[in-house]
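Asks: Take this structure, written in structure tokens, and hold onto it; I'll ask about it next.
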Amino acid sequence: MTDPHSLGGATLAYIGDAVLELLIREKLLGSGVTDTGVLSAEAQKLVCAPRQSLLVEKILPVLSEDELAAFRLGRNHKSQTKPKRSTVIEYRRATGFEALFGYLYLAGKTERINELFSACYDG
């Protein structure tokens, strides 16, 4: 597996986005809804930048130094992309949120991923 310490914030966010998407889809399947249009609409609400920017507040106080570093690496990445449905601050914080999950995935910290995901999406 790739060493997460050797990657930049955008790359960690790229992987983290996929990790979060899968976790969200699994969570939604547990709701009993089977209509894929409804599932997709609900998933979009949960993974959008404004929502992720708010969710990061729930977990910032419990992050380790390495986890905070991964979040900051993603948050501070200078993107060429202009956010369409969020502010620049929300977009950057969401990128940090995704980078954190990408870091944890590449570090093999599945239990921590589940713990933080639950803190964000179950509470």
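Asks: For segment 19-42, name all the residues that are without any contact (Cβ under 8 Å) to a residue 12 or more places away in the chain and in a helix (DSSP H, G or I).
Replies: Answer for segment 19-42, where residues must be without any contact (Cβ under 8 Å) to a residue 12 or more places away in the chain and in a helix (DSSP H, G or I): LEU22, GLU26, LEU29, THR36, GLY37, VAL38, SER40, ALA41.
Asks: Now for a separate question. Being surrounded by 12 or more Cβ atoms within 10 Å (Cβ to Cβ), closer than 16 Å to LEU46 by Cβ and of a type in the set (D, E, K, R) is the filter here; which residues of segment 82-99 pass it?
Replies: Of everything in segment 82-99, those that are surrounded by 12 or more Cβ atoms within 10 Å (Cβ to Cβ), closer than 16 Å to LEU46 by Cβ and of a type in the set (D, E, K, R) turn out to be GLU90, ARG93, GLU98.
Just so you know, all these numbers are worked out from the coordinates, no wet-lab data involved. This structure is a prediction, so every number in the text was calculated from the model and none was measured. Quick reminder, even Gly has a Cβ in these numbers, built from the backbone with ideal geometry, and neighbours come from all protein chains shown.
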